[in-house]
Structures are given as structure tokens and as C-alpha cells.
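The values are calculated or read from the model by the stated rules, or taken from the named source; none is laboratory data. A quick note: this is a predicted structure, and the numbers were derived from the prediction, not measured. Cβ coordinates were reconstructed from backbone atoms using ideal geometry, including for glycine residues, and neighbour counts include every protein chain displayed.
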Amino acid sequence: MSKGRLEGFFDAILAIIMTIMVLEIKTPKTPDVGSWAELIVPLIAFLISFFSLSTLWYSHHELLKNVHNISYRSVLLNIVLLAWVSLVPVVTAWVAEFPTHPWPERFFAIETLGWILLLELLIRSIKADNPGINVSVTAFAWWSFSAIMVVIIFPFPYSGLAIAAVLGVRIPSIWLGQARRARKQ
């Protein structure tokens, strides 16, 4: 499979997933400004998920930037990653509706952990397909895994949203640091 087809497929599915998420946000029930207060948590959940998926999209782009070979294993991992990520609208809507309940928080954290681990497997597969290629994208860190596990085991109100927001900032900050180091060299 060509790199372009894989990227196009990934981009299309991710765009659909992100569109579905915004459709889950319900309009205010009354025409006054005060009714927007009921949308604060759903909007925050949407923004966290949207920017997390944007980070995933950029990671995928950076991962495939210099790739020449894509194995069937990498294509399958890409498809499994997309299947897992397609659950993001469901868990985002659930945690937005019940942000203080433990099970929606757990599932939101599990969803985040799942796509991070699947992205890490895809990174390793792409590296195996293209020996010698410099892949600067990373997805997994022990501290993030530990933080997600704490939320899964001991969920507290808004904890799934909070950990996803922190992780959503972590990956872009790594890229910015790598870009600065590359410019200095």
C-alpha cells in the first residue's frame, strides 16, 4: 500500500470521527445566554477530545513523513488504531453527560490509554518496516501510563478529562522541544 493511500484513509476517518463529536453537543434548551452554562462540560470534553485527536493526526503525519515501506502489519495496526479511536465520540459524550461518575471517567481514560498504546505499536512497526529512518514521534511515557492507571483505578470527578488534557499537551510539547533542538544543530 502506498503511503499516500494510508494517510488519506487515516485523515478521512479521523475527520469523520471529529465531526461526529461536535454533533453530540446539544443546543441550549432556551434562547437566553444563561442556558449556555449547561454546555460548559460538554464543550470542555469536546475540546479535549478534539485537540487529542488533532495531536494524533499530527503524530501520524510526522510518523509517515519520511517512510518508504509500509507493511501489512502496519496497515492492520493503523486500522485497529482507527477502530479504537472511532469510540472517542461515544466516551466523550458519556463523560460530558456524567463527569462526576467513576465509570465514564474510567472509560475516557481507557480510551486515551488505548490510542496512545496503539500509536506506540504503530510507531514501532513503522520503524521495523523502515530500518535506519529517523522517527522522532513518541507516544508512550511511563509517567503518562501511571497517571492513566491511577484514574482507571481511583477515578474522581473530572479526572478522565483532566488526564486527557495533560496528555494532550504532552505530545505537542515534545515536538516543540525536538524542533528547537533540531534548529540549534
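In table form, for the structure just shown:
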read-out: The stretch 19-30, subset more than 16 Å from Ile44 (Cβ to Cβ) and of a type in the set (A, V, I, L, M, F, W, C), residue modelled with the lowest pLDDT; value: Leu23
read-out: Single residue of Ile48, Ile79 found to be β-branched (Val, Ile, Thr) and crowded, with 20+ Cβ neighbours inside 10 Å; value: Ile48
read-out: From the options Ile16, Ile70, residue that is farther than 20 Å from Gly160 by Cβ, β-branched (Val, Ile, Thr) and touching a residue at least 40 places away in the same chain (Cβ under 8 Å); value: Ile70
read-out: Pair list, Cβ under 9 Å, 6 or more apart: the stretch 117-129 residue in contact (Cβ under 8 Å) with a residue 12 or more places away in the chain, other residue in a helix (DSSP H, G or I) and among the small types (Gly, Ala, Ser); value: Leu119/Ser59; Leu122/Ser74; Ile123/Ser59; Ser125/Ser74; Ile126/Ser74; Ala128/Ser74; Asp129/Ser74
read-out: Search result, residues across the stretch 49-95 that are in contact with a Gly (Cβ under 6 Å, 6 or more places away or on another chain) and over 17 Å from Ala12 (Cα atoms); value: Val95
read-out: Index of the failed condition, Gly34 passing every other in (1) free of Cβ contacts under 8 Å to residues at least 60 places away in the same chain; (2) within 23 Å of Asn130 (Cα to Cα); (3) small (Gly, Ala, Ser); value: (2)
read-out: Among (1) of a type in the set (Ser, Thr, Tyr); (2) over 16 Å from Ile126 (Cβ atoms); (3) at pLDDT 90 or above - the single one Tyr72 does not satisfy; value: (2)
read-out: Residue count, the stretch 67-88 (criterion: more than 19 Å from Tyr158 (Cβ to Cβ) and either under 12 Å from the mean Cα position of the chain (by Cα) or hydrophobic (A, V, I, L, M, F, W, C) (or both)); value: 14
read-out: Test result for Phe107, more than 15 Å from the chain's Cα centre (by Cα) and not basic (Lys, Arg); value: no
